[in-house]
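Asks: Right, I'll just put the structure down here and ask away after.
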Amino acid sequence: MEPHTDATLLPPLASGPLPRPTSEPQPPTGHTASTAERGAFSLAVCTCGWSGPARRSRDLARKDAARHHAA
Ligand SMILES: [Zn+2]
């Protein structure tokens, strides 16, 4: 009775270059605030999604935007 040898050759592992995780160059998260008109009010809006409170004067909205930039 001969032993049943089960010699299964394993395929060589694929040792190719691993696909590197693509690190997409992200644009600098800048804040570009501007003022927007909403009816009789002005409010500061930013490219980051932030928006200031509605002001009666555009100058105040601009100051809100400047304050957001500084923060
Ligand atoms: Zn912002």
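The values are calculated or read from the model by the stated rules, or taken from the named source; none is laboratory data. Everything numeric here is computed off the predicted structure, so don't read it as measured data. Cβ: placed from backbone, ideal geometry, glycine included. Neighbour counts: every protein chain shown. Please note that ligands, DNA and RNA were not included when accessible areas were found on the heavy atoms of the full protein model with its side chains. Shrake-Rupley method; radii C 1.70, N 1.55, O 1.52, S 1.80 Å.
Asks: Thinking of the chain as a set of Cα atoms, what percent of all their pairs are more than 14 Å apart?
Replies: The answer is 71 percent, as a whole percent.
Asks: Taking a virtual spin label 7 Å from the Cα of residue 31 along the C-beta vector, which residues in the range 37-56 bring their backbone nitrogen under 18 Å of it?
Replies: 43-55
Asks: Also, I was wondering about something else. Angle, helix 58-70 long axis vs. longest principal axis of the chain, Cα atoms, 0 to 90°, nearest 10?
Replies: Computed tilt is about 40 degrees.
Asks: With a 1.4 Å probe and all protein chains left in place, how much of the accessible area of the chain comes from carbon and sulfur atoms, in whole percent?
Replies: Ligands and nucleic acids excluded, carbon and sulfur give 58 percent.
Asks: Let me ask something additional. Taking the solvent-accessible surface of protein heavy atoms with a 1.4 Å probe, what is the per residue accessible area of the chain in Å²?
Replies: Accessible area per residue, the chain: 93 Å².
Asks: Go ahead and run the numbers for FRET between residue 41 and residue 70, Cβ-Cβ distance against an R0 of 22 Å, rounding to 0.05.
Replies: For R0 = 22 Å, the calculated efficiency reads 0.45.
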